[in-house]
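To keep things clear, I will list the structure first and then write my remarks on it.
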Amino acid sequence: MTEGNVLYYGDNLDVLRRHVRDESIDLVYLDPPFNSNADYNILFSEHGEKAAAQVKAFTDTWTWDTDARRDYEEIVEAGGRVADAMRAFYTMLGGSDMMAYLARMSLRLVELRRVLKPTGSLYLHCDPTAGAYLKLLLDAVFGPRHFRNEIVWHYRRWTGAARSFLKMHDTVFLYTKTDDYAFNRQFTAYTEASLHRKKNYHTRIKGADIYVTHVNEQGVGENDVWQIQLLNSQAKERLGYPTQKPVELLRKIILASSNEGDVVLDPFAGCGTTIDAAQELGRRWIGIDVTHLAVGLIKHRLADRYGREFGKTYRVVGEPTTVDGARELAQQDPFQFQAWALGLVGARIAGSDKKGGDKGIDGRLYFHEGSGDTKQIILSVKAGNLVPAYVDALWGVAEREKAEIGVLISFNEPTAGMRARAAEAGFYDSPWGKHPRLQLRTVGDLLAGKGIDYPHVTGSNVTLRRAQRARSVDAEPMELFGRAAEESADYGDSN
């Protein structure tokens, strides 16, 4: 028996196979990463047997390499309609990046269908680049008769001149597992003009009062074109995640195809919009993402939205919980370790994922003192041996960037000399006290709850934009993890 909600770090295919049992999910929403802005022809270029690219946040990972070929062969060897569809795709596309995308998605869609309850639904969010292929793949996985809607999410945005019609929509495909599926019909309120026309018409037949009451309660049935504005840079719910979707979009989906207490799964959780909407609407949830950057952002989003104590009501699986676990992550993937460590203090990664970060800065954290100017903290993360020169280098970068505070995060304990050098930097004075300008923190410190000393309690951490505070809905206990339960103990469960 597992209490509450769960957030996973890891490959969603592995998580689904090892941790989510058959027919345990009421609703799946997925928005797989795909580069809509790439040259369309590049997506079909053949690249041969390349080594798999390291998965990074905000980058598309669909390349035809040994891993993609292995996925393709696995799905074909399984036989059936999906295998037939994949062979047909390969005949047309060959070893291309688009083929890699379809191979990776085919295995995941098969697993997502497995975990859906008979009454469950799946919404797949895509753009025109791969939409036609995904529709055929979904037909193979779910059967054409279980296709319900092609929802058009229409929006407006500033675009440059182009020799084509302006691209102002995404597509969401809705499929159900069976013909007996949950669906709550949604309604859009009538316009004032429509109400007036219907009132005048109905007055002559049945009387206006009765009819107007009915119209106000129901409105007109929701159609398959949804007018929801994109999140611009000034939107209140904007968190700085480039593929973030409006929470209104997920509310509509969750309200239509689930009920309170149902379980909603997002295997490409990103910045957690699905999780946020599900929690707000009284659903239980599972979120999966392959980057610690996303997992950390989701944790901070939930804390800002539902309070710091809310973190005790859900589990995080796959994150390091010990120094040894963090060291193993650092050895396997330094970039993911860096993102995880920065996430512990609410910082964001600086610049690119290239070695060395952004001009000696691995992370940045911003804060306000009341309504004053934005203040800055710069962070350096060192996974290897610690040398005294790192302290001097950090202070030099802090002065160059005019940062109020510099923080060095390391595995090893700083020497007495390093701590003495940090003390020479003095203090940053705020209305709430003195804060060391140069702070040294070990991974052990962070895991023990010792964060950065800066005015973020009475001031404001504005590194990650905050969602409006909401009242949490308690989750009920639920057993999800019956499949291969014997394997779960060694997967890094934080509890």
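Every number in this text was worked out from the coordinates using simple rules, so none of it is lab data. Since the model is a prediction, treat every value here as computed from it, not as a measurement. Here the Cβ positions follow ideal geometry from the backbone for every residue, glycine too, while neighbour counts run over all protein chains shown.
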Practice prompt. Hey, can you grab everything whose amide H is under 5 Å from the amide H of GLY10? Only 5+ residues off in sequence or another chain; H modelled, so Pro and N-termini drop out.
Written response: ASP289, VAL290, THR291
Worksheet, complete the sentence: The exposure ranking of ILE254, ILE452, fewest beta-carbon neighbours within 10 Å first, is ILE452, ILE254
Response to the item:
Sorted by chain and then number, the residues having a modelled amide H within less than 5 Å of the amide H of GLU222, at least 5 places away or on another chain, are GLN186, PHE187, THR188
Practice prompt. Just add up the charged neighbours of TRP432: K/R +1, D/E -1, any other residue whose Cβ is under 14 Å from the Cβ of TRP432.
Written response: -2
Fill in: About the Cα centre, charge dipole magnitude for the stretch 347-461 (Lys/Arg +1, Asp/Glu -1 at Cβ), debye
220
Worksheet item: Using the Karplus equation 6.51 cos²θ - 1.76 cosθ + 1.60 (θ = phi - 60°), what ³J(HN,Hα) coupling, rounded to whole Hz, does each residue of the stretch 71-84 give in order, writing x for Gly and Pro?
Response: 4, 4, 5, 5, 6, 5, 5, 6, x, x, 5, 5, 4, 4
Worksheet item: How big is the antiparallel share of DSSP beta bridges in the stretch 347-461, given as a percent to the nearest 5?
Response: 60
Worksheet item: Where does each of GLU319, GLU424, GLU150 land when they are ranked from fewest to most other beta-carbon atoms within 10 angstrom?
Response: GLU424, GLU150, GLU319
Worksheet item: Which FRET efficiency value, to the nearest 0.05, do you get for MET92 and ASN149 by plugging their Cβ-Cβ distance into 1/(1 + (r/R0)^6) with R0 = 30 Å?
Response: 0.65
Practice prompt. Please give the length that would be gained between ARG419 and ASP373 if that part of the chain were fully extended, namely 0.36 nm times their separation in residues minus their C-alpha to C-alpha distance (nm, one decimal).
Written response: 13.6 nm
Worksheet entry | ³J(HN,Hα), Karplus 6.51/-1.76/1.60, whole Hz, each residue of the stretch 172-184, x for Gly, Pro | 10, 8, 10, 10, 10, 6, 9, 7, 9, 10, 6, 7, 10
Worksheet item: What list do you get for HIS368, HIS146 if you sort them by fewest beta carbons within 10 Å?
Response: HIS368, HIS146
Fill in: For the stretch 403-411, 3J(HN,Hα) per residue [Karplus equation, 6.51 cos²θ - 1.76 cosθ + 1.60, θ = phi - 60°, Hz, x = Gly/Pro]
7, 6, 9, x, 10, 10, 9, 9, 7
Discussion item. Relative contact order of the stretch 347-461, please, whole-number percent, based on alpha carbon pairs below 8 angstrom and at least 6 residues apart.
Written reply: 24
Worksheet item: Check ARG315: other-chain or 5+ apart residues with amide H under 5 Å from its amide H, H built from backbone geometry?
Response: ASN5, VAL6, LEU7
